[in-house]
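Novice: I'd like to ask some things about the structure below.
The values are calculated or read from the model by the stated rules, or taken from the named source; none is laboratory data. Here the structure is a predicted model, which is why all the values come from computation and not from measurement. Neighbour counts are summed over all protein chains in view; Cβ atoms, including those assigned to glycine, are modelled from backbone coordinates with ideal geometry.
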Amino acid sequence: MLGYMTDFTVFPLLDVQRLTMLFGGLTAVDDVSFQAFDRQITAIIGPNGAGKTTLFNCLTGFYRPTSGALLLHRGGTTVDLAGKPAHVNARLGIARTFQNIRLFANMTVLENLLVAQHRSQMAASVYSFAGMLGLPSWKRAERAAIEKARLWLERLRLVDVADRLAGELSYGMQRRLEIARAMCTDPCLLCLDEPAAGLNPSEAVMLRQTIALIRDEYKTGVLLIEHNMNVVMEISDHVFVLDYGERIAAGTPQKIRNDPVVIRAYLGEPEEGAA
């Protein structure tokens, strides 16, 4: 198992407090509260339509929640992310991937990773002034961006395809590139929306290893939406279950695996008479 026993005190990185999201008369997320911890993997599971991606969209600034708080604790300060636009939440350290891959298909793999660092490069160039003049601050920022991109190319086993167009990669490689691009922003919380969707078994194993590495070596909190229970149960520290927009369970993978409410709602009940 890729889970691990921590030898440090973990702290709440994200407090979701009574989050509600309404679309007209439809309640997509209903008074949901939970915590995600620094340097741990928190999985959100539930059937299709349970409100998982809606929750992600509120957290990452794509939706403004109807009510509730999304409190990010970082560097001794607390910021409510609710209602802040996506670019502000990204600047605060929230990175994400999507159910449907959103790469720059006509850019190379390397260029995708450099674009992810655009904000820090622009700041170093004094918004293009230093870049146009070729000042040392811009050159240092450029070198640092390339080195970070190379690091994640190596970590995600993409070095051999660095100069290929992203749209030419296999589906599994595109999934890994999305994660590499997100990590190039140095997030404190990485939000992965169904990263194992469409992967074959060997690719799913590689994905589990990658997510565990991000937690263990880079001390990054991970919030994971996933239907692949092998991935969820193998690497998660905590699992949170949604059904029809409501929280129905939370706990360790072992607790969730044996929870009768979760079994009925999502994991499936054994047939009568089955051993």
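Novice: Which of (1) farther than 15 Å from Y218 by Cα; (2) under 24 Å from the mean Cα position of the chain (by Cα) does L151 not meet, given it meets every other one?
Specialist: (1)
Novice: Among R176, R208, which is the only one that is under 27 Å from A141 (Cα atoms), of a type outside the set (S, T, N, Q) and either in the same structural domain as V115 (by TED's automatic domain parsing) or in a helix (DSSP H, G or I) (or both)?
Specialist: R176
Novice: Quick one: which of T27, T53 is under 20 Å from M233 (Cα atoms) and surrounded by fewer than 21 Cβ atoms within 10 Å (Cβ to Cβ)?
Specialist: Details: T27 fails: under 20 Å from M233 (Cα atoms).
T53 is the lone residue from the list that is under 20 Å from M233 (Cα atoms) and surrounded by fewer than 21 Cβ atoms within 10 Å (Cβ to Cβ).
Novice: Out of the range 59-68, which residues are out of contact with any Gly (no Cβ under 8 Å at 6 or more places or on another chain), crowded, with 17+ Cβ neighbours inside 10 Å and farther than 13 Å from A95 by Cβ?
Specialist: Y63, G68
Novice: Further question: G198 - would you say it is surrounded by fewer than 21 Cβ atoms within 10 Å (Cβ to Cβ) and outside the structural domain of M107 (by TED's automatic domain parsing)? Working first, answer last.
Specialist: Details: surrounded by fewer than 21 Cβ atoms within 10 Å (Cβ to Cβ): yes; outside the structural domain of M107 (by TED's automatic domain parsing): yes.
Yes, satisfied.
Novice: A further question on this structure: Go through the range 83-110 and report how many residues are more than 17 Å from the chain's Cα centre (by Cα) and either in contact (Cβ under 8 Å) with a residue 40 or more places away in the chain or surrounded by 21 or more Cβ atoms within 10 Å (Cβ to Cβ) (or both).
Specialist: Count: 7.
Novice: For the range 149-158, enumerate the residues that are within 15 Å of I179 (Cβ to Cβ) and assigned to a helix (DSSP H, G or I).
Specialist: To start, the set of residues in the range 149-158 that are within 15 Å of I179 (Cβ to Cβ) comprises 149, 151-158.
Correct list: A149, L151, W152, L153, E154, R155.
Novice: Then there's this: Residues of the range 152-204 being closer than 23 Å to H227 by Cβ and small (G, A, S), which ones?
Specialist: S170, G172, A180, A182, A196, A197, G198, S202, A204
Novice: Please work out which residue is surrounded by the fewest Cβ atoms within 10 Å (Cβ to Cβ), limiting yourself to the range 201-236 and to residues that are more than 23 Å from I94 (Cα to Cα) and among the acidic types (D, E).
Specialist: The residue in question is E203.
Novice: So, of the residues in the range 179-203 that are over 14 Å from E111 (Cα atoms), touching a helix residue (DSSP H, G or I) at 6+ places or on another chain (Cβ under 6 Å) and in a helix (DSSP H, G or I), which turns out to be modelled with the lowest pLDDT?
Specialist: Going through the qualifying residues, I end up with E203.
Novice: For the range 45-94, give me each residue that is closer than 17 Å to L189 by Cβ and of a type in the set (G, A, S).
Specialist: Once the filter is applied, which keeps residues that are closer than 17 Å to L189 by Cβ and of a type in the set (G, A, S), the range 45-94 yields G61, A69, G75, G76, A82, A86, A90, G93.
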